[in-house]
Every structure is written in C-alpha cells, then in structure tokens.
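Below is one structure, written out as structure tokens; comments come after it.
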Amino acid sequence: MRKGEYLGNFELMLLLALLRLGDCAYGVTIAQELEKHTHREVVIASVYATLERLQERGLVRSRLGESTPERGGRAKRYFHITADGIREVRDARRALTNMWKHLPELTEANS
Amino acid sequence: MTQRQPPRLALWMLKHFGSGPDNDALLGDLAEQYAEKNSAWWYWRQTLGGIVVTTFKDIRNHKLLALRALIVGWFVFWFLWGRLMQYGVPFFQPVTQVVVESLYKSLFAVRSLPEVGVVRAVRNLFEGRVVGPANRFEFMLFLRSVGHVENVAWFCYGALATLGACVVGILSGWIVGRLHRRKVSMVLAHGTTVLVNWIVLGLTTHPVVWPPLSWFVPVLTLGMVLGGVLCASRRATTRQQSLSV
C-alpha cells in the first residue's frame, strides 16, 4: 500500500460521519456530527477540503441539493460514501483493531 | 422576524479570499449555522480558518504554481520597491516640505499652532487625569510639537511614503494575480512571505525601530491582497460579461 493511501484520523472520522448521517450528510450536519462526538469545534472549510481530497480518491461522491432562504439562496452539497470508501473504512478498522489487541492497558475499562 | 446577517466584512473576505468549487456551499453552510448560533466571534473563526485552509489546500495542490508565484512576486516587489526608494521617497521629502510650509504659512502666518482648538481640548482632557504629574511636562512638549510645521511636513512625508508602499503592494499583488490561476491564494502566499520576511528582518536587525516598521508592513501587505482581489474581481466580471454575451 502506498503512503498516500492510508486514511488519516480526520478522514476516517469524516467517512464514519457520512455513514452515520446517510442521505442528509452536508457541511453543517457533518460538522455537527463530528463536534458531537469529538467535543471540539470543527472548521467547516476543513471538512470540505478533506472531502474534496477523498472525492479525488474515489471514496466519496457529491451532488448539489436544494437552496434555502436561510442559506442566502446557496445550494447545499450532499456527500455520500462510495463502495471503495466503505472498503477503506473496514480496512482501517481491521488494522486498528489488530493494533489494539495486544495493548490491554489502553482499553477503556483500564483507563 | 428578520434574520440576522453575518458580519459583512467576514462575509466579503470569505467570498473573495476563499477558493475552490465548494466555496458557495460553504458560505451557505455558514449562513445557516449563523442563524442558529448568532455569534459573530464564531463566524469570524470559521471565516479566517476557512481562508487559511483553502489557501493551504491550493498551495499544496499546486506547488509549482505557488513557487512560480513567489518568484514572480518577489521579483516584481523587489523591482517596484527599489524604484520607490530610488525615485519616489527622495522626491517626496522636498515636495512635502515646500507644499506644507507654504500652505501652513499662508493659513496661519506662524510656524506653530497656538494653543487653541484641538490642542487645548486634548490638554484639558488629559492634564491631571490620564497623564500623571510626573509626565505632564513631557506630554505638554509633545502636544506643542504636534503643531510645528516641521512635524506636520514630516507626517505628510510619512503618509506619502506609506501611500507609495501601498501602491507598490497593489501593483505587485495585481501582477501576481494576473499571471496565475488560483490568483487569490497565490497572492496571499506571496503577501505572507513578504510579511514574514519584514517581521523577521525587523526583529533581528533593527529591534529598536520595530514600531515604525510596523506602520509600513500592514499597509504593504494589505495593498498586495487588495491588488489580488481587484485582479480576481475584474477577471470574474469579464467572464460573467462574456458568458452573458
């Protein structure tokens, strides 16, 4: 596997957020989902920048949605995870789980 | 109920300095979130973060273009700054001296302002309240010196030189923007290197004259950014006109 093909931490979290949100994943809901679970403020532009990178790698696809008055007439951009994206998430999970297996001192019960 | 508008300056900055295909969607997302959060501080954080993120993204995705922008930008800046220092600044000093002195003499027929108007009002405001008794003498000297013709001429000379620096900034920013795609990001990258260079030079070589240096630096950098934005706006308008035709 080439170096550039590994998923970064933020990339993995974004893909997981897309899976959790399903059809209603766009900038605001993705940022809210990340903030809810990480308890950190997310810069929405960094969400778009990372999703653009994932889109170039074929892990995510997007479509333009409806525009509403509270958005100043600007359209939403909805994101969906692709089959390749789901495969990458599974691979990352498998790798992380294997790495965790032999580190009982870092499991949640002991922390 | 009317919806509160996000801070105008932040909105303008993100519209002009943000780049990429998702900038419009990002503006919509921020507007939608702002209606909920209603926090200008949050909007500013998102705007500045967004500009930094999109600029870095453009530079990372177009490394050679960014390198070319820096080389072109520094060459243009070095050339224009040299002309300003060689021909502009030495010309400004005698001109401001002559113009201000003649104006000053014809207006007041004296070489210093009498203690009236603004000077007296400021003195009354500060004397014994803001300025302590120990510093009162120096403060009065300062107030009197403000009205001297030499100081007014010196101030005008400084203002003219700063204006010259601003023009150099606008021109170099405009040229960098004109010659590159992703113009605003490239201009921001160039402006940042100029800013960092001046700050490092100012802190390492002339730590004592840092405050006067700080007067030029923001004007120059803002001029560059303005030049880039002017170029980008002009290009967008031309494209829109050609599309409508």
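The values are calculated or read from the model by the stated rules, or taken from the named source; none is laboratory data. No experiment lies behind these values; they were computed from the predicted model shown. Cβ: placed from backbone, ideal geometry, glycine included. Neighbour counts: every protein chain shown. The area values use the complete protein model at the heavy-atom level, side chains included, leaving out ligands, DNA and RNA. Shrake-Rupley method; radii C 1.70, N 1.55, O 1.52, S 1.80 Å.
Counting heavy atoms of the protein chains only and a 1.4 Å probe, report the per residue accessible area for chain A as a whole number of Å².
Values: 6910 Å² over 111 residues.
Result: 62 Å² per residue.
Counting only heavy atoms of the protein chains and using a 1.4 Å probe, B:Lys183 has close to 30 Å² of accessible surface.
Note on exposure: B:Lys37, B:Lys57 ranked by accessible area (1.4 Å probe, complete protein assembly) read B:Lys37, B:Lys57, with the most exposed listed first.
Per-residue surface analysis assigns A:Met99 an accessible area of about 140 Å², computed on protein heavy atoms at 1.4 Å probe radius. Interface residues of region B:12-31, defined as those losing at least 10 Å² of solvent-accessible heavy-atom surface relative to the isolated chain (probe radius 1.4 Å), are listed as B:Lys15, B:Pro21, B:Asp22, B:Asp24, B:Ala25, B:Leu26, B:Leu27, B:Gly28, B:Asp29, B:Ala31.
Note on chain A: helix-only mean residue ellipticity at 222 nm, from DSSP H runs of 4+ residues weighted -39500 (n - 2.57) and normalised by residue number, equals -16500 deg cm²/dmol.
Burial of accessible area (probe 1.4 Å, heavy atoms of protein chains only) in region B:33-52, relative to its chain alone, reaches at least 10 Å² for B:Gln33, B:Glu36, B:Lys37, B:Trp42, B:Arg45, B:Gln46, B:Gly49, B:Gly50.
If contacts are Cα pairs under 8 angstrom and at least 6 residues apart, what is the relative contact order of chain A in percent? Each step should come with its number before you reach the end.
Details: 106 pairs, mean separation 28.1, N = 111.
Here the relative contact order equals 25 percent.
Can you give the longest stretch of chain A with no exposed loop site, where a site means trypsin sites (Lys or Arg not before Pro) in a DSSP loop (not H, G, I, E or B) with at most 13 other C-beta atoms within 10 Å? Working shown, then result.
Details: sites that count: A:Arg2, A:Arg40.
The segment A:41-111 is the longest one with no such site.
Approximating the spin labels as points 7 Å out from Cα along Cα→Cβ, the B:Lys105-to-A:Leu12 distance works out to 8.0 nm. Under the simplified labelling scheme, the B:Arg60-B:Thr192 pair shows an inter-label distance of 1.2 nm, with each label point 7 Å from Cα along Cα→Cβ. Along its principal axes, chain A has C-alpha extents of 53, 31, 21 angstrom, given from the largest down.
Percent of accessible area on region A:1-104 owned by carbon and sulfur, 1.4 Å probe? Can you show the working numbers first?
On the way: 3300 of 6160 Å².
That fraction is 54 percent.
Hey, what did region B:9-88 get for relative contact order, percent, Cα under 8 Å, at least 6 apart? Spell out each step's value before the answer.
Details: 28 pairs, mean separation 26.0, N = 80.
So the answer I get is 33 percent.
Each Lys or Arg adds one and each Asp or Glu subtracts one; over the other residues with Cβ under 9 Å from the Cβ of B:His62, this totals +3. When the accessible areas of B alone and A alone are added and the area of the pair subtracted, with a 1.4 Å probe, the result is around 2000 Å², both sides summed. Among the listed pairs A:Lys101/B:Lys57; A:Lys76/B:Lys37; A:Lys36/B:Lys183, those with a Cα-Cα distance over 27 Å are A:Lys101/B:Lys57; A:Lys36/B:Lys183.
Would you kindly state the longest site-free stretch of chain A, with sites defined as GluC sites (Glu not before Pro) in a DSSP loop (not H, G, I, E, B) surrounded by at most 14 other Cβ atoms within 10 Å? Longest run free of exposed loop sites: A:42-107. Listed peptides B:156-164, B:184-192 appear in the order B:184-192, B:156-164 once ranked by packing, highest mean of other Cβ atoms within 10 Å at the front. Residues of region A:44-62 buried by at least 20 Å² of accessible area upon assembly of all protein chains, compared with the chain on its own (1.4 Å probe): A:Ile44, A:Ala45, A:Tyr48, A:Ala49, A:Glu52, A:Arg53.
Note on A:Arg87 and B:Val200: the model spin-label points, each 7 Å out from Cα along the C-beta direction, lie 4.5 nm apart. Rounded to whole numbers, the Karplus 3J(HN,Hα) couplings from phi for region B:14-30 are 5, 4, 8, 9, x, 9, x, x, 9, 4, 5, 5, 5, 4, x, 4, 5 Hz, using 6.51 cos²θ - 1.76 cosθ + 1.60 with θ = phi - 60°, and x at Gly and Pro.
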